[in-house]
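**Q** Sending over a structure as structure tokens; questions will come in a sec.
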Amino acid sequence: MANLKSLAKDTAIYGLSSIVARFVNYLLVPIQTLKFASTGGEYGIITNVYAYVAILIMVLTFGMETTFFRFMNKEGMDRKKVYSTVLRMVGTVGVVTTVIVLLFSGEIAALLGYGDHPEYVAVMYITVALDAFTAIAFAYLRCEHKPIKFASLKIANIGLNIVLNLIYFFGLPMMHLNPFGIYGETFHYDVVWVFYINLFCSLFNLVFLHKELRGINSGFDKKMCRQMLSYAWPILVMGIAGQLNQSLSQIMFPKVYQGGNAMSELGIYGACIKIAMIMMMITQAFRFAYEPFVFSKVKDKDSKEVYAQTMKYYIIFTLLAFLVVMAYIDLLKYLIGESYWSGLRVVPIVMAAEIVFGVFFNLSFWYKLTDRTIWGAYFSGIGAVVLFVINLLFIPRFSYMACAWAGLIAYSVSMLISYFIGQKYFPIRYPLRDIAIYTVVAGVLFAAMMLPVENTWLRLAYRTVLLLLFVGFIYRKEHLGQMLAKVPVVGRFFK
């Protein structure tokens, strides 16, 4: 229980920072979808470019975050040397590849369909290279259990991004200022400035992590480097394949879709899945806290029991979050411009996919702890193939709905294969009966929420009652009253 409390504490801090940061980041969605109408396709460009960015960040970190945690917790390892070696590896790859990309930015842009805008490639690649380098410093903060600094920097970075977007889209135009001709002669908003703002924010992280980045001076261990690469390359393959499950649809869509304005349709999909990102926040917060937690507790006798209980509580919490979003989707839809509302039907599908992905991530530790990381590459690769085939066959007919279903099916396939093979190599007795009960109850309540109620306020009240029923069910089944009774101050209300 003490282990779970420690995990819960770190998850709460990471989760709060992630929720606050993502909530603030949500402000970018109404700002950008207001200024870039769905018919223009500009938001589709942003969605498409960031899909490539998500893949690139995996390539440029090449599995070193997980490898870093693994080697930092190995006996006999010089922790300073581990950190310095990883920093130098990621930094060197970033510098070398950035030079190459800048030299051939025109050709790369043409290949991606942006031949008239090589600056998209140049700006975003430099940004990703910086983010990959600072990702190791952020991993160091997690390893050293410094969630406050981690959270503060993440929130400050997003806040800066929002402020700069507000200045670009509202402040300067209202004052009729056009410094350096950034708007052209007609005050036309240019997508590239969204990318420049991100680059500036990445530089912000670099500056404020200068203390942690001094760790690069602790030397480089060639033998350790070879060991790390041997451990990391399957994680790299797994990471790319896993990220393809999230980004491949946005990459493929403009090339496969055959009806009308592809970028306009992609923009609608990209805007609506932002609402579903609430689930991604939870998964990300859980991952930030859980990864170092697992590696540090692997030698404990009750570790498998802790992993099993963690899985159950993760599923309970994410199902609750799913129902909260769907209960108040009529309010949350105002986070995006009205011209994008036609795509809201993808939200429950994408959220369900994120829940499944979180389960897959939870299951992934059996091969990380047993140093069989190649299995992760197999599972994620199979999922990516499933995603590719479904998108290729069904995007031309069903547009972005095919993307949503493809993600859910691909994650489900990867999750199921990982579970059954994992039970052979690293058996854990997960509480499958309880998990099934919670899933069925949540599914029934979701179906009830979707029943037609014409009046908006009555619909919200009705859905709130259903949501409270799920909360009450959790409270009774998990005996939360007994647990809360032991909490200081709060406990007196449950005795």
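The values are calculated or read from the model by the stated rules, or taken from the named source; none is laboratory data. Only a predicted model underlies this, so the values are computations on that prediction, with no experimental measurement involved. All Cβ positions, glycine included, derive from the backbone under ideal geometry; neighbour counts span all protein chains shown.
**Q** Is it the case, given these coordinates, that residue 400 is over 20 Å from residue 348 (Cβ atoms) and touching a residue at least 12 places away in the same chain (Cβ under 8 Å)?
**A** Working: over 20 Å from residue 348 (Cβ atoms): no; touching a residue at least 12 places away in the same chain (Cβ under 8 Å): yes.
Answer is no for this residue.
**Q** Any idea how many residues of the stretch 310-354 are over 21 Å from the mean Cα position of the chain (by Cα) and either surrounded by 17 or more Cβ atoms within 10 Å (Cβ to Cβ) or not in a helix (DSSP H, G or I) (or both)? If you could, list the steps in order and put the result at the bottom.
**A** Of the stretch 310-354, the ones over 21 Å from the mean Cα position of the chain (by Cα) are 327-328, 330-331, 334, 337-342.
Next, only the ones that are either surrounded by 17 or more Cβ atoms within 10 Å (Cβ to Cβ) or not in a helix (DSSP H, G or I) (or both) stay: 327-328, 337, 339-340.
The total comes to 5.
**Q** Another question, if that's okay. Taking the condition among the aromatic types (Phe, Trp, Tyr) and at pLDDT 90 or above, does residue 375 pass?
**A** On the way: among the aromatic types (Phe, Trp, Tyr): yes; at pLDDT 90 or above: no.
For residue 375, the condition - among the aromatic types (Phe, Trp, Tyr) and at pLDDT 90 or above - is not met.
**Q** When both residues are 6+ apart or on different chains and their Cβ atoms are under 8 Å apart, which pairs have a first residue that lies in the stretch 322-347 and is closer than 25 Å to residue 438 by Cβ, and a second that is of a type in the set (Lys, Arg) and crowded, with 22+ Cβ neighbours inside 10 Å?
**A** 326/463; 327/463; 328/463
**Q** Quick check: anything in the stretch 293-316 more than 26 Å from residue 135 (Cβ to Cβ), in contact with a Ser or Thr (Cβ under 8 Å, 6 or more places away or on another chain) and modelled with pLDDT of 80 or more?
**A** Yes; the residues of the stretch 293-316 include at least one that is more than 26 Å from residue 135 (Cβ to Cβ), in contact with a Ser or Thr (Cβ under 8 Å, 6 or more places away or on another chain) and modelled with pLDDT of 80 or more.
To keep it simple, each residue is scored yes or no on (1) of a type in the set (Phe, Trp, Tyr); (2) at pLDDT 85 or above; (3) more than 18 Å from residue 195 (Cα to Cα).
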| position | (1), (2), (3) |
| --- | --- |
| 64 | no, yes, yes |
| 77 | no, no, yes |
| 99 | no, yes, yes |
| 106 | no, yes, no |
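**Q** Quick check on the stretch 204-233: of everything there that is closer than 30 Å to residue 168 by Cα and surrounded by fewer than 14 Cβ atoms within 10 Å (Cβ to Cβ), which residue is modelled with the highest pLDDT? Before you say what the answer is, go through the steps one by one.
**A** Let us first name the residues in the stretch 204-233 that are closer than 30 Å to residue 168 by Cα, namely 204-210.
Now restrict to residues that are surrounded by fewer than 14 Cβ atoms within 10 Å (Cβ to Cβ): 207, 210.
Details: 207: 92, 210: 88.
For the stretch 204-233, the residue satisfying everything is 207.
**Q** If you don't mind, there's one more thing I want to ask. Of everything in the stretch 147-179, what is farther than 21 Å from residue 30 by Cα, free of Cβ contacts under 8 Å to residues at least 60 places away in the same chain and surrounded by 15 or more Cβ atoms within 10 Å (Cβ to Cβ)? Give them in sequence order.
**A** Within the stretch 147-179, 149, 153 qualify.
**Q** Please pick out the residue among 460, 468 that is under 25 Å from residue 329 (Cβ atoms), surrounded by 11 or more Cβ atoms within 10 Å (Cβ to Cβ), touching a residue at least 60 places away in the same chain (Cβ under 8 Å) and more than 27 Å from the chain's Cα centre (by Cα). Lay out the reasoning, then the answer.
**A** On the way: 468 fails: touching a residue at least 60 places away in the same chain (Cβ under 8 Å).
Sole residue among the options that is under 25 Å from residue 329 (Cβ atoms), surrounded by 11 or more Cβ atoms within 10 Å (Cβ to Cβ), touching a residue at least 60 places away in the same chain (Cβ under 8 Å) and more than 27 Å from the chain's Cα centre (by Cα): 460.
**Q** Next question. Restricting attention to the stretch 167-216, and to residues there that are over 31 Å from the mean Cα position of the chain (by Cα) and among the aromatic types (Phe, Trp, Tyr), which single residue is farthest from residue 121 (Cα to Cα)?
**A** Checking each candidate, the answer is 187.
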